[in-house]
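Participant: My structure is below; once you've seen it, I'll send some questions.
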Amino acid sequence: MAQTVASTAAKSSFTQMTSVMPIVSPLASSVKKDKKLANNWKTKPVSELTDAEILAMPDDEYMNDTQLAYFRQKLVKLKNDMLSNAGETTEHLREDTVVVPDPADRATIEEEHALELRTRDRERKLLKKIEQSITRIDAGDYGYCDETGEAIGVGRLLARPTATLSLEAQQRRELKQKMFGD
């Protein structure tokens with residue numbers, strides 16, 4: 001059964017969900033590192049490195065200057081993308097402020113606006129986390145768990161650059177929330 005969505009703005013934020021699988025970062029021991037890429041970080045500039053090359057770096061090079069610069073660049077790019085999306089949302093909402101006599105059309109437009117604003121609100125919260133992550137890079141705390149102090153892991157940081165907890169600490173926190181509520 002196909003679903004239709006009224007506007008391109010809604011289409012861009014709409015995703016068809018058939019089954020929801022939790023996203024679980026692979027443990028450091030289960031991540032396969034490509035040996036061919038292990039030393040590429042020594043010869044390439046940070047701007048040309050890929051996720052696979054960062055992941056292939058030796059464990060004793062965890063959160064060295066190259067990795068910190070790579071994650072800073074990744075976070076800044078994510079931040080800039082979100083800020084440009086926010087500007088596009090503002091323009092889109094201004095364009096759609098025409099009076100529509102049909103109540104069904106008006107309801108559709110208002111629902112699209114509400115969806116867009118909810119998406120931007122989530123991005124606004126993520127922007128705060130991005131800023132905090134950049135601050136952590138500057139302070140030298142990035143990549144280490146807030147609760148335990150152990151390494152979060154490159155694989156987890158590539159999947160979620162704003163992570164502040166190791167996988168185990170995050171699982172404990174989620175289990176506690178599930179058992180005891182917020």
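Values in this text are rule-based calculations from the coordinates and carry no lab data. Because the structure is predicted, anything quoted here is derived from the model rather than measured.
Participant: Long-range amide H contacts for T164: which residues qualify at under 5 Å (H placed 1.01 Å from N, peptide plane, sequence gap of 5 or more or a different chain)?
Facilitator: Residues meeting the amide H criterion: none.
Participant: What is the set of long-range amide H partners of Y144 at a cut-off below 5 Å, with H atoms built 1.01 Å from backbone N?
Facilitator: Placed amide hydrogens put I152 under 5 Å from Y144.
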